[in-house]
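The values are calculated or read from the model by the stated rules, or taken from the named source; none is laboratory data. Remember, predicted model here, so these are calculated numbers, not experimental data. Positions of Cβ are backbone-derived with ideal geometry, glycine not excepted, and every protein chain shown enters the neighbour counts. Areas reflect the complete protein model, heavy atoms only, side chains present, ligands, DNA and RNA absent. Shrake-Rupley method; radii C 1.70, N 1.55, O 1.52, S 1.80 Å.
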Amino acid sequence: MTGSPGTVLLTGAAGRIGRLLRTGLPAAGWSLRSTDIADLAPAGPQEEIAYADLADLDAVVDATRGVAAVVHLGGLSGEAAYEDIRRANIDGTYHVLEAARRCGVRRVVIASSNHAVGFTPRADPVPVDTRPRPDTFYGVSKVAKEALGSLYVDRYGLDVVCLRIGTQAPRPTRHRHLASWLSDGDAIRLVLAALDATAPGFAVVYGISANSRAWWDLGPGRALGYHPQDDAEAYADAVDPPEPTDDLVGGDFTGPEHDL
Ligand code: 15L
């Protein structure tokens, strides 16, 4: 447990989930130090803005001083050139964890992704300890982020919760989303659970809503205190038809458009 709510360093605060948390975390009592390389003004209630490039370890250490926990969403959110992915996602996560260690911050919540296991065939359900099967360099970076988290737990005693997020969107639009959707409200509930869980050590949980057609095991998330309230099934009549890539967890990230 991180104790009574204090200040959370939020990286990637300008992104979709970042914007949700900029209201959701203060509403739950947390203060925020929000960072990004994109514009974040104006600051909201209980929020301080501190621009920091995740590629700059010293800047990340400065931004981390005095916080109670880190929620690390920053980096690239889709496939890109290998060097760009490495710099933004792998080096950036190393800097966040190393800054947490140097500043004595015990709790780090990391945005991983279903694409860490994207080439896994659909199953009911895919467990969290299935072998890494990244579908892209982006997926490889998510595997690396989880591995870095595991290292900092075992070597330095941090608590690191990795969220393998599915499809975070206001509503499902594609057939795959009936399994992969994470609603706005559940995204906030998921991060709050990861911040509040008592002594999780190293944990990986799937970040999806309580979807009737889920392919991923929500058990470890529920055990951590994540109790999703939404279900993509409510939109089942309104989504696009199934696609051939729906047979694999990563959907169209597994397709040939990502071949080199
Ligand atoms: C992700 O990790 C991406 O950031 C997002 O753009 C979606 O592609 C999502 O996964 C998904 O699998 O739907």
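All of (1) over 18 Å from the mean Cα position of the chain (by Cα); (2) under 21 Å from residue 159 (Cα atoms) hold for residue 59 with one exception: (2). If only residues of region 212-260 that are over 20 Å from the mean Cα position of the chain (by Cα) and among the acidic types (Asp, Glu) are counted, the one that is farthest from the ligand (Cβ to nearest atom) is 237.
Would you pick out the residues in region 183-199 that are in contact (Cβ under 8 Å) with a residue 40 or more places away in the chain and either among the acidic types (Asp, Glu) or not in a loop (DSSP other than H, G, I, E, B) (or both)? Spell out the reasoning first.
Let us first name the residues in region 183-199 that are in contact (Cβ under 8 Å) with a residue 40 or more places away in the chain, namely 183-189, 191-192, 194-199.
Matches in region 183-199: 184, 185, 186, 187, 188, 189, 191, 192, 194, 195, 196.
Here's the yes/no breakdown for (1) at pLDDT below 95; (2) in contact with a Lys or Arg (Cβ under 7 Å, 6 or more places away or on another chain):
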position: 4; (1), (2): yes, no
position: 7; (1), (2): no, yes
position: 27; (1), (2): no, no
position: 34; (1), (2): no, yes
position: 62; (1), (2): no, no
position: 66; (1), (2): no, no
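In the set (1) open to solvent by 30 Å² or more (accessible area, probe 1.4 Å); (2) of a type outside the set (Phe, Trp, Tyr); (3) in contact (Cβ under 8 Å) with a residue 12 or more places away in the chain; (4) away from the ligand (no atom under 13 Å from the Cβ), residue 76 fails one condition alone, (4).
Which residues, taken from region 61-73, are open to solvent by 30 Å² or more (accessible area, probe 1.4 Å) and either outside any loop (DSSP other than H, G, I, E, B) or without any contact (Cβ under 8 Å) to a residue 24 or more places away in the chain (or both)?
Scanning region 61-73 gives a single hit, 62.
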